[in-house]
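The values are calculated or read from the model by the stated rules, or taken from the named source; none is laboratory data. As the structure is a prediction and not an experimental result, all values here were calculated from the model. Because the Cβ atoms are built from the backbone with ideal geometry, glycine has one as well, and the counts that use them run over all protein chains shown.
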Amino acid sequence: MEITIGAVVQGGTSLGYKTGTWRDERPILDMEQCKACGVCVSVCPDSAVHVKGETYIIDYDYCKGCGLCGYECPADAISMVKEEK
Amino acid sequence: MSTQNLSNDQELFVSGHRACHGCGMSLAVRHILKATGKDVIVVTPTGCLETFTSPYGYSPWRVPWIHHLFENGPAIATGVVAALKAQKRESERVVAIGGDGSTFDIGFGSLSGMLERGDDVLYICVDNGAYMNTGGQRSSASPIYSSTTTDPAGKRSLGKLQKKKDLPTIIAAHGVPYVATASVAYLKDLQKKVKKAMGYHGARYIQIDSTCPSVWGFPSDQTLEVARRGVQSGMVPLFEMEDGEVTKVRKIKKKIPVEEYLKTQKRFKHIFSDADGREEIQTIQALADSNIERYGLLKKTAPQDAEVQD
Ligand SMILES: Cc1ncc(C[n+]2csc(CCOP(=O)(O)OP(=O)(O)O)c2C)c(N)n1
Ligand code: SF4
Ligand code: SF4
Ligand code: SF4
Ligand SMILES: [Mg+2]
């Protein structure tokens, strides 16, 4: 990698590093049970839950599988399953 | 970037950072930036936050960010404030975010100077109660009887023997306009305090209890649960101080015994296996009770003038 003068790095470039490869458990979000409360979006330390229209989507490119969203979901709409590599 | 074309557009602290699974500190920082908005320059001393956000070429920060030494965060922040002033850049503000090791211990002289001068900096301590980036050595923020790598629990050791330094009080004694404590368990409250602090000028301080699954020793899905129990037991009092007076506290909804907090974490495991453990638990319970009394955390003991917040 080329080092710029002052070693300045552009903001947001960490998106080029996919932390999803760290995951050993995968959160599965069931929209049938979801109450659209937004808790999972708020509590994800990796900004990996997004809202698209009315649907909540987990971004497996970055989700590390910590399980926080599932633990905090008040509707039990997120379950953790073993990751198949 | 993402194969599903999902957007990080709303975020100033984006995906791809390298904090551990379920890291409370990374969650705190994400919400700090939501509250400050984009017109800030962030200053970060050495520690986990610096390390997990600065592999060369991969920055999650969508605001200007500078890393420097472990011990000089506040002095660097002061310098950035001076530079902004010289350039007449009035819309940009400075926020320093440091760990407890740098804030409570090694950068404390620098911090005290910044507070005494009243420099226009919001200093936030993301407190995980030890020097995590180097493996979990004790700091003056580590709680009493926690096992750390420099005072590990063992046959003849109960872990750290001193209680946590009361830094918010020491900071308030400098005569600064705003001091607050927050927790990752209550993210809206955290954001509200950051926004409020940004409304003041001069030196301001917020201390955020930042639960750390990796070193405290709990499963990564329990980050908020452990933080909540800290607050609900009285171990982590949440309050605001304006001009040296406690003006708001977050009430405990349902008080839990400190055991309910301690038993969630491996760093306190020894006090449950040790025969003398009862005594240590009682000591910790007494500390929690004195927090509850001092800040009026239960409804019936609330000081008359303190505003109640849910
Ligand atoms: C003067 C100096 N001493 C020691 C270190 C090594 N060091 C780097 S990070 C760190 C611990 C940081 O602890 P803390 O401030 O609590 O942040 P955390 O990693 O816990 O977030 C230490 C001791 C250093 N970088 N500089
Ligand atoms: S936390 Fe649960 S109920 Fe709330 S939006 Fe997420 S999946 Fe839906
Ligand atoms: S498992 Fe953890 S990283 Fe993945 S979406 Fe849920 S909270 Fe985010
Ligand atoms: S050691 Fe703790 S604070 Fe540091 S990145 Fe890991 S979980 Fe976060
Ligand atoms: Mg620390």
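Brief remarks on what is shown
- Residues in the range B:65-114 that are within 16 Å of ligand 4 (Cβ to nearest atom) and in contact with a strand residue (DSSP E or B) (Cβ under 8 Å, 6 or more places away or on another chain): B:HIS67, B:ILE97, B:GLY98, B:GLY99, B:ASP100, B:GLY101, B:THR103, B:PHE104.
- Subset of the range B:184-198 (residues that are buried (at least 16 other Cβ atoms within 10 Å of the Cβ) and either among the basic types (Lys, Arg) or within 14 Å of chain A (Cβ to nearest Cβ) (or both)): B:VAL184, B:ALA185, B:TYR186, B:LEU187, B:ASP189, B:LEU190, B:GLN191, B:LYS192, B:LYS193, B:LYS196
- Selection within the range B:152-179 - modelled with pLDDT of 95 or more and outside any loop (DSSP other than H, G, I, E, B): B:LEU167, B:PRO168, B:THR169, B:ILE170, B:ILE171, B:ALA172, B:TYR178, B:VAL179
This table checks each residue for (1) within 16 Å of ligand 2 (Cβ to nearest atom); (2) among the β-branched types (Val, Ile, Thr); (3) buried (at least 19 other Cβ atoms within 10 Å of the Cβ); (4) not in a loop (DSSP other than H, G, I, E, B).
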position	(1), (2), (3), (4)
A:GLY20	no, no, yes, yes
A:ASP61	no, no, yes, no
A:LYS64	no, no, yes, no
A:ALA75	yes, no, no, no
A:GLU84	no, no, no, no
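- Here the range A:31-48 is the region considered, the condition is being in a loop (DSSP other than H, G, I, E, B) and more than 10 Å from chain B (Cβ to nearest Cβ), and the residue that is nearest to A:THR19 (Cα to Cα) is A:GLY38.
- For the range B:48-66, taking the residues that are crowded, with 22+ Cβ neighbours inside 10 Å and not in a strand (DSSP E or B), the one that is nearest to the other protein chains (Cβ to nearest Cβ) is identified as B:PRO60.
- Being more than 14 Å from chain A (Cβ to nearest Cβ) and closer than 20 Å to B:ALA19 by Cβ holds for only one residue in B:THR134, B:THR181, B:THR169, B:THR223, and it is B:THR134.
- Counting only residues that are more than 7 Å from ligand 3 (Cβ to nearest atom) and either within 9 Å of another protein chain (Cβ to nearest Cβ) or without any contact (Cβ under 8 Å) to a residue 40 or more places away in the chain (or both), the range A:63-79 holds 4 of them.
- Out of A:ASP30, A:ASP46, sole residue that is on the phi < 0 side of the Ramachandran plot and surrounded by 22 or more Cβ atoms within 10 Å (Cβ to Cβ): A:ASP46
- Tally, over the range B:211-240, of residues that are farther than 16 Å from B:LYS254 by Cα and assigned to a loop (DSSP other than H, G, I, E, B): 4
- Test result for A:THR21, free of Cβ contacts under 8 Å to residues at least 12 places away in the same chain, away from ligand 4 (no atom under 16 Å from the Cβ) and either within 10 Å of chain B (Cβ to nearest Cβ) or over 29 Å from B:HIS68 (Cα atoms) (or both): yes
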